[in-house]
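Trainee: For reference, the structure I am asking about is given below.
The values are calculated or read from the model by the stated rules, or taken from the named source; none is laboratory data. All figures in this text were calculated on a predicted structure; none of them were measured in a lab. All Cβ positions, even for glycine, are placed from backbone atoms using ideal geometry, and neighbour counts span all protein chains on display.
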């Protein structure tokens, strides 16, 4: 069915949905319908209410008021994912797969096929193989999930959904960790699902992708529906403006010239480590140095090695002209180096703890008085961080896992800045966060550099590398292929070095 179907033909519909958690309202009378055979994008800043609305549509939360209609009839959805039996499947941003089990075991988990009291493995394997063939996924039903790439895992989630005869498929940031090529393959599968009549909710911060894949777009802001429009009538800039309620012409802060004669704060010579081959570069005080390259190019490994997270095989690291050998994590911190991981949920934050212990963990020695933690000093630090980084939370006692992605990222930034670093390495600074929070983070990075802090930005998002960096180092297969400055910092040049079409150093 085409996206122009009438309201009455909605596969699922949210009608005047409001939701409060305790005294805190997060959704205000939101209505939205998703039609069979359409991709309906749901966009908004972090904290706009997207996740809450998705969870209500999938039966993980009950609305405080309002109701859900399924194919025109009002329904009370069963709780905690049981709505899958009605054909409503939510694919979470954090993929819900058992890593040590096989593809076929994951697909049939909880609904295994039995024959004469025993598991019918051959029947399950044949069904899974058929689905894998249909979507063109070149893996075996017997492969362990832990051996798959993120893109392959994302496809397994789609196989799970299809095998459950999904009528409504809700996807939360499905392309956040995918390369451009993987995203194209993923979209081909989404198009097939759409053609088969599945109603798809697509939640993403990548507005170019929303424009490419969606039929209609609903924009949420501060828990309210701002508008629903055909995607054909919207540009990514218009979407961004509607999300934040203001012009974003100043998404990137003004670029201040870096001092080419400033002190070299970090020098790396002939660094070798797992996935890193003979890397040499320098970083000056107050400089924003970008590291670009395709996924797997070795960008992250370079800085995990420098900061003590990966073993170094050989090479020299100098801080402020002094050879520091191979640093441990704590020695790197004490030397003024701070690394902000790209994996905030697995490696950056303790999601089941409150904000205060998360904030002070990296700089804990600073808060110890007479062999005990000074809770008053910790509380004051949290109060400062909430103001400085604009962390938006229901209250200071909230569990970090309940914060939106953008607010988690701001808390992670606050955590590493609590150690007063002189060199800050930020890996994927805006992955999976909204355009308004991106703007805040870019301006914060620029302010750090203006204060004399040296910043390394590792990013897969070319516009942000171009928009905020003074120089750009491009890597491929564990080696530096080019160092770009001035007008050479553009998508064309970066991609040629990243793809191995050029290999030289530009000064």
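Trainee: Conditions first: (1) farther than 30 Å from residue 244 by Cα; (2) surrounded by 19 or more Cβ atoms within 10 Å (Cβ to Cβ). Residue 202 passes all but one, so which condition is the exception?
Mentor: The failed condition is (1).
Trainee: Okay, moving on. Any residue at all in the range 180-199 that's surrounded by 15 or more Cβ atoms within 10 Å (Cβ to Cβ), closer than 20 Å to residue 433 by Cα and touching a residue at least 40 places away in the same chain (Cβ under 8 Å)?
Mentor: No, there is no match, as no residue in the range 180-199 is surrounded by 15 or more Cβ atoms within 10 Å (Cβ to Cβ), closer than 20 Å to residue 433 by Cα and touching a residue at least 40 places away in the same chain (Cβ under 8 Å).
For (1) more than 25 Å from residue 462 (Cβ to Cβ); (2) at pLDDT 85 or above; (3) in contact with a strand residue (DSSP E or B) (Cβ under 7 Å, 6 or more places away or on another chain), each residue gets a yes or a no:
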| residue | (1), (2), (3) |
| --- | --- |
| 205 | no, no, no |
| 209 | no, yes, no |
| 216 | yes, yes, yes |
| 224 | yes, yes, yes |
| 238 | no, yes, no |
| 247 | no, no, no |
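Trainee: Also, I was wondering about something else. Can you tell me how many residues in the range 328-337 are in a loop (DSSP other than H, G, I, E, B) and in contact with a strand residue (DSSP E or B) (Cβ under 7 Å, 6 or more places away or on another chain)?
Mentor: Residues of the range 328-337 that are in a loop (DSSP other than H, G, I, E, B), as a first pass: 328, 335-336.
If we keep only those that are in contact with a strand residue (DSSP E or B) (Cβ under 7 Å, 6 or more places away or on another chain) as well, we get 335-336.
Residues meeting the conditions: 2.
Trainee: Taking the options 149, 218, name whichever one is crowded, with 21+ Cβ neighbours inside 10 Å and either assigned by TED's automatic domain parsing to the domain that holds residue 18 or under 26 Å from residue 99 (Cβ atoms) (or both).
Mentor: On the way: 149 fails: crowded, with 21+ Cβ neighbours inside 10 Å.
Unique residue meeting the criteria: 218.
Trainee: A further question follows. Checking the condition at pLDDT below 85 and over 24 Å from the mean Cα position of the chain (by Cα), which residue from 393, 372 passes? Lay out the reasoning, then the answer.
Mentor: Numbers: 393 fails: over 24 Å from the mean Cα position of the chain (by Cα).
Result of the check over 393, 372: 372.
Trainee: Among the candidates 99, 134, single out the residue that is over 21 Å from residue 194 (Cα atoms) and surrounded by fewer than 18 Cβ atoms within 10 Å (Cβ to Cβ).
Mentor: On the way: 134 fails: over 21 Å from residue 194 (Cα atoms).
That would be 99, the only listed residue that is over 21 Å from residue 194 (Cα atoms) and surrounded by fewer than 18 Cβ atoms within 10 Å (Cβ to Cβ).
Trainee: Would you mind stating whether residue 413 is touching a strand residue (DSSP E or B) at 6+ places or on another chain (Cβ under 8 Å), surrounded by 19 or more Cβ atoms within 10 Å (Cβ to Cβ) and in contact (Cβ under 8 Å) with a residue 60 or more places away in the chain? Talk me through it step by step, then tell me what you get.
Mentor: Numbers: touching a strand residue (DSSP E or B) at 6+ places or on another chain (Cβ under 8 Å): yes; surrounded by 19 or more Cβ atoms within 10 Å (Cβ to Cβ): yes; in contact (Cβ under 8 Å) with a residue 60 or more places away in the chain: yes.
Against the criterion (touching a strand residue (DSSP E or B) at 6+ places or on another chain (Cβ under 8 Å), surrounded by 19 or more Cβ atoms within 10 Å (Cβ to Cβ) and in contact (Cβ under 8 Å) with a residue 60 or more places away in the chain), residue 413 qualifies.
Trainee: Return a yes/no flag: does the range 443-463 have any residue that is touching a residue at least 60 places away in the same chain (Cβ under 8 Å), surrounded by fewer than 22 Cβ atoms within 10 Å (Cβ to Cβ) and within 16 Å of the chain's Cα centre (by Cα).
Mentor: Yes - at least one qualifying residue is present in the range 443-463.
Trainee: I need a count of the residues in the range 262-294 that are closer than 17 Å to residue 426 by Cβ and under 26 Å from the mean Cα position of the chain (by Cα).
Mentor: Adding up the residues that qualify gives 7.
Trainee: Right, here's the next one. For the range 338-361, what are the residues that are at pLDDT below 80 and outside any helix (DSSP H, G or I)? Working first, answer last.
Mentor: Of the residues in the range 338-361, the ones at pLDDT below 80 are 343-348.
Within the range 338-361, 343 is the sole residue that qualifies.
Trainee: Follow-up question, since we're still on this one. As an exercise: evaluate residue 407 against (1) surrounded by 23 or more Cβ atoms within 10 Å (Cβ to Cβ); (2) part of a helix (DSSP H, G or I); (3) touching a strand residue (DSSP E or B) at 6+ places or on another chain (Cβ under 6 Å) and give the number of the one condition it does not meet.
Mentor: Failed condition: (3).
Trainee: Just to check your reading of the model, which residue among 332, 381, 377 is over 30 Å from residue 492 (Cα atoms) and assigned by TED's automatic domain parsing to the domain that holds residue 259? Spell out how you get there, then give the answer.
Mentor: Working: 381 fails: assigned by TED's automatic domain parsing to the domain that holds residue 259; 377 fails: assigned by TED's automatic domain parsing to the domain that holds residue 259.
Of 332, 381, 377, the one residue that is over 30 Å from residue 492 (Cα atoms) and assigned by TED's automatic domain parsing to the domain that holds residue 259 is 332.
Trainee: How many residues does the range 44-55 contain that are under 20 Å from residue 11 (Cβ atoms) and either buried (at least 24 other Cβ atoms within 10 Å of the Cβ) or free of Cβ contacts under 8 Å to residues at least 12 places away in the same chain (or both)?
Mentor: Qualifying residue count for the region: 2.
Trainee: While we're looking at this one, here's another question. Only one of these is touching a strand residue (DSSP E or B) at 6+ places or on another chain (Cβ under 7 Å) and under 25 Å from residue 434 (Cβ atoms): 77, 42, 86, 95. Name it. It would help to see each step written out before you state the result.
Mentor: Working: 77 fails: under 25 Å from residue 434 (Cβ atoms); 86 fails: under 25 Å from residue 434 (Cβ atoms); 95 fails: touching a strand residue (DSSP E or B) at 6+ places or on another chain (Cβ under 7 Å).
Within the list 77, 42, 86, 95, the selection yields 42.
Trainee: If we keep just the residues of the range 118-144 that are in contact with a helix residue (DSSP H, G or I) (Cβ under 6 Å, 6 or more places away or on another chain) and assigned to a helix (DSSP H, G or I), which is modelled with the lowest pLDDT?
Mentor: 135
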